[in-house]
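Notes follow the structure.
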Amino acid sequence: MSVFIILFLTAVLVLFSGVLEKGKYARYIGILGLIIGLYVSFLPECEFFDQYKAMYEYSSNAALFTKISIIITLLLFFLGGFAFSNHRSHQSELYALMLFALGGGLVLFGFQNLVTLFIGIEILSIPLYVMAGSNKTDLRSTEASMKYFLMGAFATGFLMFGVALVYGSVGSFDMYVIHDFAISNPKNLMLIMGSILMLSALAFKVSLAPFHMWSPDVYQGSPSLITGFMASVVKISGFFALFKLMTLGFGGIAGEWINILGVFVIITLLLANVMALVQTNAKRMLAYSSVSHAGYISLIFFGLNNFSTSILGFYLFAYSLATVGVFISLIWVEKIKKETSFAAFNGLGKKEPLLAIVATVSMLSMAGIPLTAGFMGKLSIFNQAIGGGSSFLVLVAVLGSALSIAYYLRLIIAMFFYKEDNFHNTEKASITYNIISIVIILALFSMGIVPDLFAKILGL
(Lines give C-alpha, C1' and ligand atoms only; values in the text may rest on other atoms or scores of the structure.)
Protein backbone atom coordinates (compact mmCIF):
# COMPACT_ATOMS: atom_id res chain seq x y z
CA MET A 1 0.00 0.00 0.00
CA SER A 2 2.91 2.36 0.73
CA VAL A 3 4.23 1.97 -2.82
CA PHE A 4 0.77 2.56 -4.24
CA ILE A 5 0.38 5.81 -2.27
CA ILE A 6 3.82 7.02 -3.38
CA LEU A 7 3.06 6.36 -7.04
CA PHE A 8 -0.40 7.90 -6.78
CA LEU A 9 1.01 11.10 -5.28
CA THR A 10 3.74 11.10 -7.93
CA ALA A 11 1.09 10.82 -10.65
CA VAL A 12 -0.78 13.81 -9.19
CA LEU A 13 2.44 15.87 -9.07
CA VAL A 14 3.29 14.87 -12.64
CA LEU A 15 -0.19 15.84 -13.80
CA PHE A 16 -0.04 19.31 -12.23
CA SER A 17 3.55 19.86 -13.40
CA GLY A 18 2.00 20.44 -16.83
CA VAL A 19 1.33 24.06 -15.85
CA LEU A 20 5.10 24.68 -15.67
CA GLU A 21 6.71 25.12 -19.10
CA LYS A 22 4.33 22.65 -20.79
CA GLY A 23 5.26 19.75 -18.53
CA LYS A 24 9.00 20.01 -19.14
CA TYR A 25 9.73 18.47 -15.74
CA ALA A 26 6.98 15.84 -15.73
CA ARG A 27 9.22 12.97 -16.82
CA TYR A 28 11.88 13.77 -14.23
CA ILE A 29 9.31 13.93 -11.43
CA GLY A 30 7.91 10.60 -12.61
CA ILE A 31 11.36 8.99 -12.69
CA LEU A 32 12.13 10.26 -9.19
CA GLY A 33 8.81 8.94 -7.87
CA LEU A 34 9.37 5.55 -9.51
CA ILE A 35 12.86 5.27 -7.98
CA ILE A 36 11.47 6.09 -4.53
CA GLY A 37 8.65 3.59 -5.06
CA LEU A 38 11.13 0.92 -6.14
CA TYR A 39 13.20 1.52 -3.01
CA VAL A 40 10.16 1.32 -0.74
CA SER A 41 9.02 -1.91 -2.46
CA PHE A 42 12.04 -3.66 -0.94
CA LEU A 43 11.05 -2.58 2.58
CA PRO A 44 8.56 -4.36 4.88
CA GLU A 45 5.02 -3.04 4.63
CA CYS A 46 3.96 -0.50 7.24
CA GLU A 47 1.90 -2.12 10.02
CA PHE A 48 -0.67 0.65 9.73
CA PHE A 49 -2.02 -0.96 6.56
CA ASP A 50 -2.70 -4.32 8.23
CA GLN A 51 -6.25 -3.13 8.89
CA TYR A 52 -6.92 -3.27 5.14
CA LYS A 53 -5.74 -6.84 4.61
CA ALA A 54 -9.27 -8.03 3.93
CA MET A 55 -9.16 -5.97 0.74
CA TYR A 56 -5.47 -5.63 -0.10
CA GLU A 57 -2.35 -7.38 1.17
CA TYR A 58 1.23 -6.55 0.19
CA SER A 59 2.48 -10.14 0.26
CA SER A 60 5.84 -11.40 -0.96
CA ASN A 61 4.28 -12.23 -4.33
CA ALA A 62 2.74 -8.76 -4.58
CA ALA A 63 6.15 -7.27 -3.75
CA LEU A 64 7.84 -9.33 -6.48
CA PHE A 65 5.49 -8.22 -9.24
CA THR A 66 5.46 -4.65 -7.95
CA LYS A 67 9.24 -4.48 -8.33
CA ILE A 68 9.10 -5.96 -11.83
CA SER A 69 6.42 -3.50 -12.97
CA ILE A 70 8.18 -0.46 -11.55
CA ILE A 71 11.49 -1.42 -13.17
CA ILE A 72 9.86 -1.80 -16.59
CA THR A 73 7.90 1.45 -16.21
CA LEU A 74 11.10 3.22 -15.18
CA LEU A 75 12.84 2.03 -18.37
CA LEU A 76 9.90 3.28 -20.44
CA PHE A 77 10.04 6.68 -18.72
CA PHE A 78 13.70 7.00 -19.67
CA LEU A 79 12.65 6.46 -23.30
CA GLY A 80 9.87 9.03 -23.04
CA GLY A 81 11.89 12.17 -23.76
CA PHE A 82 12.36 11.23 -27.42
CA ALA A 83 9.21 9.12 -27.76
CA PHE A 84 6.89 11.94 -26.65
CA SER A 85 8.68 14.69 -28.57
CA ASN A 86 5.50 15.19 -30.65
CA HIS A 87 3.34 15.43 -27.52
CA ARG A 88 5.04 18.36 -25.79
CA SER A 89 1.76 20.15 -25.10
CA HIS A 90 0.28 17.27 -23.12
CA GLN A 91 3.20 15.05 -22.15
CA SER A 92 2.55 15.56 -18.43
CA GLU A 93 -0.91 14.01 -18.87
CA LEU A 94 0.55 10.97 -20.62
CA TYR A 95 3.16 10.36 -17.93
CA ALA A 96 0.52 10.81 -15.22
CA LEU A 97 -1.84 8.37 -16.95
CA MET A 98 0.97 5.80 -17.17
CA LEU A 99 1.52 6.13 -13.44
CA PHE A 100 -2.20 5.86 -12.69
CA ALA A 101 -2.37 2.71 -14.83
CA LEU A 102 0.66 1.32 -12.97
CA GLY A 103 -1.20 2.04 -9.73
CA GLY A 104 -4.06 -0.11 -11.00
CA GLY A 105 -1.57 -2.88 -11.65
CA LEU A 106 -0.31 -2.60 -8.07
CA VAL A 107 -3.86 -3.01 -6.80
CA LEU A 108 -4.16 -6.21 -8.85
CA PHE A 109 -1.00 -7.62 -7.28
CA GLY A 110 -2.44 -7.50 -3.76
CA PHE A 111 -6.20 -7.90 -4.15
CA GLN A 112 -7.91 -10.14 -1.60
CA ASN A 113 -11.43 -9.42 -2.68
CA LEU A 114 -13.35 -9.41 -5.97
CA VAL A 115 -14.31 -5.78 -5.42
CA THR A 116 -10.64 -4.83 -5.18
CA LEU A 117 -9.98 -6.89 -8.32
CA PHE A 118 -12.61 -4.93 -10.23
CA ILE A 119 -11.31 -1.57 -8.95
CA GLY A 120 -7.74 -2.51 -9.95
CA ILE A 121 -8.79 -3.54 -13.46
CA GLU A 122 -10.69 -0.29 -14.00
CA ILE A 123 -7.84 1.89 -12.65
CA LEU A 124 -5.53 0.04 -15.03
CA SER A 125 -7.85 0.13 -18.06
CA ILE A 126 -9.36 3.62 -18.15
CA PRO A 127 -6.01 5.48 -18.55
CA LEU A 128 -5.12 3.04 -21.34
CA TYR A 129 -8.26 3.94 -23.30
CA VAL A 130 -7.21 7.59 -23.14
CA MET A 131 -3.53 7.00 -23.93
CA ALA A 132 -4.34 4.80 -26.93
CA GLY A 133 -6.08 7.79 -28.57
CA SER A 134 -3.61 10.46 -27.46
CA ASN A 135 -2.09 10.96 -30.94
CA LYS A 136 -4.76 13.41 -32.02
CA THR A 137 -3.44 13.90 -35.57
CA ASP A 138 -3.58 10.18 -36.43
CA LEU A 139 -6.96 8.61 -37.20
CA ARG A 140 -5.54 5.17 -36.38
CA SER A 141 -4.93 6.34 -32.83
CA THR A 142 -8.57 7.41 -32.49
CA GLU A 143 -9.64 4.07 -33.95
CA ALA A 144 -7.39 2.24 -31.49
CA SER A 145 -8.91 4.09 -28.56
CA MET A 146 -12.49 3.40 -29.64
CA LYS A 147 -11.85 -0.29 -30.34
CA TYR A 148 -10.03 -0.77 -27.06
CA PHE A 149 -12.77 1.05 -25.14
CA LEU A 150 -15.65 -0.86 -26.74
CA MET A 151 -13.99 -4.26 -26.41
CA GLY A 152 -12.95 -3.39 -22.86
CA ALA A 153 -16.55 -2.50 -22.01
CA PHE A 154 -17.69 -5.93 -23.19
CA ALA A 155 -14.94 -7.57 -21.13
CA THR A 156 -16.00 -5.57 -18.07
CA GLY A 157 -19.56 -6.80 -18.60
CA PHE A 158 -18.30 -10.39 -18.64
CA LEU A 159 -16.32 -9.72 -15.47
CA MET A 160 -19.21 -8.17 -13.56
CA PHE A 161 -21.63 -10.89 -14.65
CA GLY A 162 -19.11 -13.46 -13.41
CA VAL A 163 -18.67 -11.62 -10.10
CA ALA A 164 -22.47 -11.52 -9.68
CA LEU A 165 -22.75 -15.29 -10.21
CA VAL A 166 -19.88 -16.00 -7.83
CA TYR A 167 -21.36 -13.75 -5.15
CA GLY A 168 -24.79 -15.29 -5.69
CA SER A 169 -23.42 -18.77 -5.06
CA VAL A 170 -20.87 -18.03 -2.32
CA GLY A 171 -22.39 -15.01 -0.57
CA SER A 172 -19.02 -13.29 -0.25
CA PHE A 173 -16.43 -11.41 -2.34
CA ASP A 174 -13.50 -12.64 -0.21
CA MET A 175 -11.00 -14.80 -2.09
CA TYR A 176 -10.43 -17.23 0.77
CA VAL A 177 -14.16 -17.71 1.38
CA ILE A 178 -14.59 -18.41 -2.34
CA HIS A 179 -11.66 -20.84 -2.19
CA ASP A 180 -13.20 -22.79 0.70
CA PHE A 181 -16.63 -22.81 -0.95
CA ALA A 182 -15.17 -24.11 -4.23
CA ILE A 183 -13.47 -26.99 -2.45
CA SER A 184 -16.62 -28.01 -0.59
CA ASN A 185 -18.98 -27.41 -3.56
CA PRO A 186 -16.99 -28.33 -6.70
CA LYS A 187 -20.13 -28.93 -8.80
CA ASN A 188 -21.95 -25.69 -8.03
CA LEU A 189 -23.15 -24.54 -11.46
CA MET A 190 -23.38 -20.82 -10.66
CA LEU A 191 -19.82 -20.81 -9.31
CA ILE A 192 -18.52 -22.67 -12.38
CA MET A 193 -20.28 -20.30 -14.78
CA GLY A 194 -18.99 -17.31 -12.83
CA SER A 195 -15.41 -18.60 -12.95
CA ILE A 196 -15.61 -19.16 -16.71
CA LEU A 197 -16.99 -15.66 -17.33
CA MET A 198 -14.25 -14.10 -15.20
CA LEU A 199 -11.63 -16.22 -16.98
CA SER A 200 -12.93 -14.91 -20.32
CA ALA A 201 -12.85 -11.30 -19.09
CA LEU A 202 -9.25 -11.53 -17.93
CA ALA A 203 -8.32 -13.43 -21.10
CA PHE A 204 -9.24 -10.21 -22.90
CA LYS A 205 -6.90 -8.18 -20.69
CA VAL A 206 -3.94 -10.47 -21.43
CA SER A 207 -4.96 -10.91 -25.11
CA LEU A 208 -5.54 -14.66 -25.12
CA ALA A 209 -7.26 -15.86 -28.29
CA PRO A 210 -10.11 -15.73 -29.15
CA PHE A 211 -10.25 -12.53 -27.07
CA HIS A 212 -7.24 -10.97 -28.79
CA MET A 213 -9.01 -9.20 -31.67
CA TRP A 214 -8.27 -5.72 -30.32
CA SER A 215 -4.50 -6.21 -30.06
CA PRO A 216 -3.18 -5.62 -33.62
CA ASP A 217 -5.17 -2.44 -34.31
CA VAL A 218 -4.66 -1.00 -30.83
CA TYR A 219 -0.93 -1.75 -30.84
CA GLN A 220 -0.49 -0.20 -34.28
CA GLY A 221 -2.62 2.89 -33.63
CA SER A 222 -1.35 3.80 -30.16
CA PRO A 223 1.82 5.87 -29.64
CA SER A 224 4.73 3.43 -29.59
CA LEU A 225 5.75 4.07 -25.98
CA ILE A 226 2.16 3.41 -24.89
CA THR A 227 2.14 0.23 -26.97
CA GLY A 228 5.30 -0.87 -25.16
CA PHE A 229 3.60 -0.16 -21.83
CA MET A 230 0.58 -2.25 -22.87
CA ALA A 231 2.75 -5.14 -24.04
CA SER A 232 4.78 -5.25 -20.82
CA VAL A 233 3.35 -3.68 -17.65
CA VAL A 234 -0.29 -4.32 -18.54
CA LYS A 235 0.46 -7.93 -19.39
CA ILE A 236 2.34 -8.40 -16.09
CA SER A 237 -0.62 -7.00 -14.15
CA GLY A 238 -3.25 -8.94 -16.06
CA PHE A 239 -1.48 -12.26 -15.86
CA PHE A 240 -0.79 -12.10 -12.15
CA ALA A 241 -4.43 -11.15 -11.51
CA LEU A 242 -5.57 -14.08 -13.67
CA PHE A 243 -3.11 -16.43 -11.98
CA LYS A 244 -4.14 -15.40 -8.47
CA LEU A 245 -7.86 -15.47 -9.23
CA MET A 246 -7.91 -18.89 -10.87
CA THR A 247 -5.45 -20.67 -8.56
CA LEU A 248 -6.52 -19.14 -5.24
CA GLY A 249 -10.19 -18.35 -5.73
CA PHE A 250 -11.19 -21.08 -8.17
CA GLY A 251 -8.48 -23.66 -7.49
CA GLY A 252 -11.06 -26.02 -6.01
CA ILE A 253 -12.92 -26.24 -9.32
CA ALA A 254 -9.86 -26.26 -11.59
CA GLY A 255 -11.15 -29.35 -13.35
CA GLU A 256 -14.08 -27.31 -14.68
CA TRP A 257 -12.09 -24.50 -16.29
CA ILE A 258 -8.61 -25.88 -16.99
CA ASN A 259 -9.67 -27.61 -20.22
CA ILE A 260 -11.28 -24.41 -21.49
CA LEU A 261 -8.03 -22.59 -20.79
CA GLY A 262 -6.17 -25.37 -22.63
CA VAL A 263 -8.32 -24.73 -25.73
CA PHE A 264 -7.54 -20.99 -25.44
CA VAL A 265 -3.82 -21.81 -25.28
CA ILE A 266 -3.89 -24.01 -28.40
CA ILE A 267 -5.87 -21.45 -30.42
CA THR A 268 -3.59 -18.65 -29.22
CA LEU A 269 -0.30 -20.38 -30.03
CA LEU A 270 -1.33 -21.53 -33.50
CA LEU A 271 -3.32 -18.50 -34.62
CA ALA A 272 -0.97 -15.81 -33.29
CA ASN A 273 2.22 -17.30 -34.72
CA VAL A 274 0.67 -17.98 -38.13
CA MET A 275 -0.80 -14.46 -38.33
CA ALA A 276 2.51 -12.91 -37.27
CA LEU A 277 4.20 -14.61 -40.24
CA VAL A 278 2.15 -12.65 -42.78
CA GLN A 279 2.47 -9.19 -41.23
CA THR A 280 4.36 -6.42 -43.02
CA ASN A 281 4.23 -3.92 -40.15
CA ALA A 282 6.55 -4.35 -37.16
CA LYS A 283 4.02 -3.12 -34.59
CA ARG A 284 1.35 -5.52 -35.84
CA MET A 285 3.89 -8.33 -35.81
CA LEU A 286 4.78 -7.48 -32.22
CA ALA A 287 1.07 -7.44 -31.37
CA TYR A 288 0.68 -11.02 -32.57
CA SER A 289 3.96 -11.88 -30.85
CA SER A 290 2.46 -10.53 -27.61
CA VAL A 291 -0.63 -12.68 -28.16
CA SER A 292 1.54 -15.77 -28.69
CA HIS A 293 3.43 -15.08 -25.47
CA ALA A 294 0.11 -14.99 -23.65
CA GLY A 295 -0.23 -18.59 -24.79
CA TYR A 296 3.21 -19.58 -23.53
CA ILE A 297 2.65 -17.87 -20.19
CA SER A 298 -0.73 -19.59 -19.75
CA LEU A 299 1.07 -22.93 -19.54
CA ILE A 300 1.89 -21.88 -15.97
CA PHE A 301 -1.59 -23.13 -14.96
CA PHE A 302 -0.68 -26.69 -15.90
CA GLY A 303 1.31 -28.66 -13.34
CA LEU A 304 1.25 -26.02 -10.60
CA ASN A 305 3.90 -26.33 -7.89
CA ASN A 306 5.59 -24.23 -5.21
CA PHE A 307 7.82 -22.53 -7.79
CA SER A 308 5.05 -21.51 -10.19
CA THR A 309 4.81 -17.90 -9.00
CA SER A 310 8.57 -17.40 -9.29
CA ILE A 311 8.57 -18.98 -12.76
CA LEU A 312 5.73 -16.68 -13.80
CA GLY A 313 7.61 -13.64 -12.48
CA PHE A 314 10.83 -14.66 -14.24
CA TYR A 315 9.10 -15.19 -17.59
CA LEU A 316 7.13 -11.93 -17.40
CA PHE A 317 10.25 -9.96 -16.44
CA ALA A 318 12.31 -11.52 -19.24
CA TYR A 319 9.54 -10.95 -21.78
CA SER A 320 8.99 -7.36 -20.66
CA LEU A 321 12.70 -6.52 -20.83
CA ALA A 322 12.80 -7.95 -24.36
CA THR A 323 9.71 -5.96 -25.29
CA VAL A 324 11.33 -2.71 -24.14
CA GLY A 325 14.46 -3.70 -26.07
CA VAL A 326 12.54 -4.04 -29.34
CA PHE A 327 10.57 -0.86 -28.75
CA ILE A 328 13.76 1.18 -28.29
CA SER A 329 14.52 0.57 -31.97
CA LEU A 330 10.90 0.83 -33.06
CA ILE A 331 10.40 4.22 -31.38
CA TRP A 332 13.55 5.63 -32.99
CA VAL A 333 12.72 4.30 -36.47
CA GLU A 334 9.13 5.54 -36.25
CA LYS A 335 10.26 9.03 -35.26
CA ILE A 336 12.78 9.23 -38.10
CA LYS A 337 10.76 7.56 -40.87
CA LYS A 338 7.18 8.14 -39.72
CA GLU A 339 6.33 4.46 -40.28
CA THR A 340 6.92 1.03 -38.74
CA SER A 341 6.90 -1.28 -41.74
CA PHE A 342 9.61 -3.93 -42.00
CA ALA A 343 11.17 -1.92 -44.84
CA ALA A 344 11.58 1.06 -42.50
CA PHE A 345 14.17 -0.95 -40.53
CA ASN A 346 16.38 -1.60 -43.58
CA GLY A 347 19.97 -0.70 -42.79
CA LEU A 348 19.38 0.12 -39.12
CA GLY A 349 22.38 -2.08 -38.23
CA LYS A 350 24.62 0.34 -40.11
CA LYS A 351 22.92 3.57 -39.03
CA GLU A 352 22.45 2.68 -35.33
CA PRO A 353 24.22 -0.63 -34.60
CA LEU A 354 23.49 -0.65 -30.86
CA LEU A 355 19.75 -0.18 -31.39
CA ALA A 356 19.76 -2.98 -33.97
CA ILE A 357 21.71 -5.26 -31.63
CA VAL A 358 19.38 -4.73 -28.66
CA ALA A 359 16.37 -5.41 -30.90
CA THR A 360 18.04 -8.58 -32.20
CA VAL A 361 18.96 -9.88 -28.75
CA SER A 362 15.46 -9.07 -27.50
CA MET A 363 13.75 -10.94 -30.34
CA LEU A 364 16.08 -13.92 -29.92
CA SER A 365 15.09 -13.94 -26.25
CA MET A 366 11.41 -13.83 -27.23
CA ALA A 367 12.00 -16.78 -29.55
CA GLY A 368 13.64 -18.73 -26.72
CA ILE A 369 17.16 -19.01 -28.11
CA PRO A 370 19.67 -20.49 -25.58
CA LEU A 371 21.78 -18.19 -23.40
CA THR A 372 18.96 -15.63 -23.26
CA ALA A 373 16.48 -15.01 -20.45
CA GLY A 374 13.60 -16.01 -22.72
CA PHE A 375 15.07 -19.48 -23.14
CA MET A 376 15.24 -20.05 -19.37
CA GLY A 377 11.71 -18.72 -18.97
CA LYS A 378 10.26 -21.02 -21.61
CA LEU A 379 12.30 -23.97 -20.37
CA SER A 380 10.95 -23.53 -16.84
CA ILE A 381 7.32 -23.20 -17.92
CA PHE A 382 7.53 -26.09 -20.40
CA ASN A 383 9.19 -28.31 -17.79
CA GLN A 384 6.45 -27.55 -15.28
CA ALA A 385 3.70 -28.23 -17.84
CA ILE A 386 5.28 -31.55 -18.83
CA GLY A 387 5.46 -32.49 -15.15
CA GLY A 388 1.74 -31.78 -14.93
CA GLY A 389 0.95 -34.14 -17.81
CA SER A 390 0.37 -31.47 -20.48
CA SER A 391 2.91 -32.71 -23.01
CA PHE A 392 0.61 -32.02 -25.97
CA LEU A 393 0.30 -28.34 -25.04
CA VAL A 394 4.07 -28.12 -24.72
CA LEU A 395 4.43 -29.70 -28.18
CA VAL A 396 2.12 -27.01 -29.61
CA ALA A 397 4.13 -24.34 -27.76
CA VAL A 398 7.42 -25.66 -29.18
CA LEU A 399 5.92 -25.58 -32.66
CA GLY A 400 4.81 -21.99 -32.05
CA SER A 401 8.31 -21.05 -30.87
CA ALA A 402 9.78 -22.54 -34.06
CA LEU A 403 7.38 -20.48 -36.17
CA SER A 404 8.22 -17.34 -34.21
CA ILE A 405 11.87 -17.56 -35.25
CA ALA A 406 10.79 -16.98 -38.86
CA TYR A 407 9.03 -13.66 -38.29
CA TYR A 408 11.64 -12.37 -35.85
CA LEU A 409 14.35 -13.19 -38.40
CA ARG A 410 12.56 -11.13 -41.04
CA LEU A 411 13.09 -8.00 -38.96
CA ILE A 412 16.66 -8.98 -38.05
CA ILE A 413 17.52 -9.56 -41.72
CA ALA A 414 16.01 -6.19 -42.64
CA MET A 415 18.17 -4.43 -40.07
CA PHE A 416 21.48 -6.05 -40.97
CA PHE A 417 21.31 -7.40 -44.52
CA TYR A 418 19.07 -5.07 -46.53
CA LYS A 419 20.55 -1.94 -48.03
CA GLU A 420 19.05 1.25 -46.70
CA ASP A 421 18.49 4.13 -49.09
CA ASN A 422 16.42 6.67 -47.20
CA PHE A 423 18.02 7.19 -43.77
CA HIS A 424 18.81 10.80 -44.65
CA ASN A 425 18.21 12.12 -41.16
CA THR A 426 21.45 12.93 -39.36
CA GLU A 427 19.92 12.63 -35.89
CA LYS A 428 21.64 10.02 -33.75
CA ALA A 429 20.16 8.00 -30.91
CA SER A 430 20.61 9.70 -27.56
CA ILE A 431 23.01 8.57 -24.86
CA THR A 432 19.96 7.53 -22.81
CA TYR A 433 18.78 5.14 -25.52
CA ASN A 434 22.26 3.66 -25.85
CA ILE A 435 22.64 3.16 -22.10
CA ILE A 436 19.21 1.52 -21.78
CA SER A 437 20.09 -0.72 -24.75
CA ILE A 438 23.29 -1.90 -23.05
CA VAL A 439 21.45 -2.51 -19.77
CA ILE A 440 18.81 -4.65 -21.48
CA ILE A 441 21.38 -6.66 -23.47
CA LEU A 442 23.36 -7.40 -20.30
CA ALA A 443 20.19 -8.23 -18.33
CA LEU A 444 18.86 -10.67 -20.95
CA PHE A 445 22.17 -12.53 -21.22
CA SER A 446 22.82 -12.46 -17.46
CA MET A 447 19.39 -13.92 -16.65
CA GLY A 448 19.84 -16.51 -19.39
CA ILE A 449 23.24 -17.66 -18.15
CA VAL A 450 22.74 -17.15 -14.40
CA PRO A 451 18.95 -17.29 -13.82
CA ASP A 452 19.41 -17.15 -10.04
CA LEU A 453 20.49 -13.55 -10.56
CA PHE A 454 16.79 -12.69 -10.96
CA ALA A 455 16.04 -13.94 -7.46
CA LYS A 456 19.03 -12.16 -5.94
CA ILE A 457 18.26 -8.79 -7.53
CA LEU A 458 14.59 -8.83 -6.58
CA GLY A 459 15.20 -10.15 -3.08
CA LEU A 460 13.50 -13.55 -3.40
What order do you get for 215-222, 276-283 when each peptide is scored by the mean count of other beta carbon atoms within 10 Å, highest first?
215-222, 276-283
Per 0.36 nm of contour for each residue apart, how much would the distance between A153 and E21 grow if the chain were fully extended, relative to their Cα-Cα spacing?
43.9 nm
Distance in nm between pseudo-label sites at L9 and F161 (7 Å out along the Cβ direction from Cα)
4.3
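Can you figure out the FRET efficiency of A54 with D180, using R₀ = 22 Å and their beta-carbon distance, to the nearest 0.05?
Values: r = 15 Å, r/R0 = 0.68.
So the FRET efficiency works out to roughly 0.90.
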Sort 35-44, 364-373 by packing, meaning the average of other beta carbons within 10 Å per residue, with the highest value first.
364-373, 35-44
Between the stretch 310-371 and the stretch 120-162, how far is it from one alpha carbon centroid to the other, in angstrom?
26
Given 169-181, 195-207, 307-319, the highest-first ranking by average Cβ count within 10 Å works out to 195-207, 307-319, 169-181
To the nearest 0.05, the calculated FRET efficiency linking I435 and N383 through their beta-carbon distance, R0 being 22 Å, is 0.05
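Which whole-number percentage describes the relative contact order of the chain, with Cα contacts under 8 Å and a sequence gap of 6 or more?
14
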With a 1.4 Å probe and every protein chain left in place, work out the accessible area per residue of the chain in Å², rounded to a whole number.
38
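How charged is the neighbourhood of S222? Take every other residue with its Cβ under 11 Å from the Cβ of S222, and add Lys/Arg as +1 and Asp/Glu as -1.
Working: positive: R140, K147, K283; negative: D138, E143, D217.
The answer is 0.
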Env charge @ G313, Cβ radius under 15 Å, K,R +1 / D,E -1, value +4
Can you return the lysines within cross-link range of K337? Criterion is Cα-Cα under 28 Å, with same-chain partners fewer than 8 residues away left out.
K22, K24, K136, K147, K283, K350, K351, K419, K428
Quick one: divide the alpha-carbon radius of gyration of the chain by 2.2 N^0.38 Å and tell me what you get.
0.93
Where does each of M151, M363 land when they are ordered by accessible area, with a 1.4 Å probe and the largest first?
M151, M363
Two-site FRET efficiency, V450 against I258, from Cβ-Cβ distance with R₀ of 41 Å, rounded to 0.05:
0.75
Where the accessible area of the stretch 1-458 is counted over protein heavy atoms with a 1.4 Å probe, how much of it, in %, is carbon and sulfur?
70
Filtered hits (lysines, Cα-Cα < 25 Å from K456, offset >= 8 within chain) -> K67, K235, K244, K378
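Give the average over all directions of the projected area of the C-alpha convex hull of the stretch 1-140, one decimal, in nm². Before the final figure, lay out each step's value.
Working: hull surface 34.2 nm².
Projected area, direction-averaged: 8.5 nm².
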Would you compute, from DSSP H runs of 4+ residues alone, the mean residue ellipticity of the chain at 222 nm, taking -39500 (n - 2.57) per run and dividing by the full residue count, rounded to the nearest 500?
-24000 deg cm²/dmol
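The values are calculated or read from the model by the stated rules, or taken from the named source; none is laboratory data. Keep in mind that what you see is a predicted model, and the values were worked out from it rather than measured. Cβ atoms come from the backbone with ideal geometry, glycine included; neighbour counts cover every protein chain shown. Quick note on the areas: whole protein, heavy atoms, side chains included, nothing else; ligands and nucleic acids left out. Shrake-Rupley method; radii C 1.70, N 1.55, O 1.52, S 1.80 Å.
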